[in-house]
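To start, the structure itself, in structure tokens.
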Amino acid sequence: MDFPLWLWAIPAGSFAVLEGLAIANRRRGDTASELLRAAAGIKPARPWRPVGVAVIAGFCAWLANHLIGG
């Protein structure tokens with residue numbers, strides 16, 4: 001049995017709700033981008049920043065290859 005495509009609406013909808021609430025409350029540090037920057041040590045700058053940037057860049061490169069190349 002193939003995975004039903006409509007089930008992707010659950011995590012996508014959850015993300016949309018959480019991100020919408022974070023944007024609406026206007027508090028700094030609540031959006032997914034801000035949380036990712038903090039965890040990767042980008043903002044505020046942390047000693048593991050180069051590793052965090054490399055991990056994010058590597059993931060983005062892998063994702064692009066995965067989506068385009070199959």
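General observations
- Test: residue in region 51-65 that is surrounded by 11 or more Cβ atoms within 10 Å (Cβ to Cβ) and touching a helix residue (DSSP H, G or I) at 6+ places or on another chain (Cβ under 6 Å): no
- Region 22-50 - residue that is charged (D, E, K, R) and within 14 Å of the chain's Cα centre (by Cα) and, of those, most open to solvent (accessible area, probe 1.4 Å): R37
- Residue pairs whose Cβ atoms lie under 7 Å apart, separated by 6 or more positions or on different chains, with the first residue in region 48-65 and in contact (Cβ under 8 Å) with a residue 40 or more places away in the chain and the second in a helix (DSSP H, G or I), do not occur.
- Filter result for the condition that a residue is in contact with a Leu (Cβ under 9 Å, 6 or more places away or on another chain) and modelled with pLDDT under 95, over G29, G13, G20, G69: G29
- Scanning region 10-38 for residues being of a type in the set (K, R) and either closer than 22 Å to A57 by Cβ or in contact (Cβ under 8 Å) with a residue 40 or more places away in the chain (or both) gives a total of 1.
The values are calculated or read from the model by the stated rules, or taken from the named source; none is laboratory data. If you're wondering where the values come from, they're calculated on a predicted model, not measured in any experiment. With ideal geometry, Cβ positions are generated from the backbone for all residues, glycine too; neighbour counts draw on all protein chains shown. Side chains included, ligands, DNA and RNA excluded: accessible areas come from the protein's heavy atoms. Shrake-Rupley method; radii C 1.70, N 1.55, O 1.52, S 1.80 Å.
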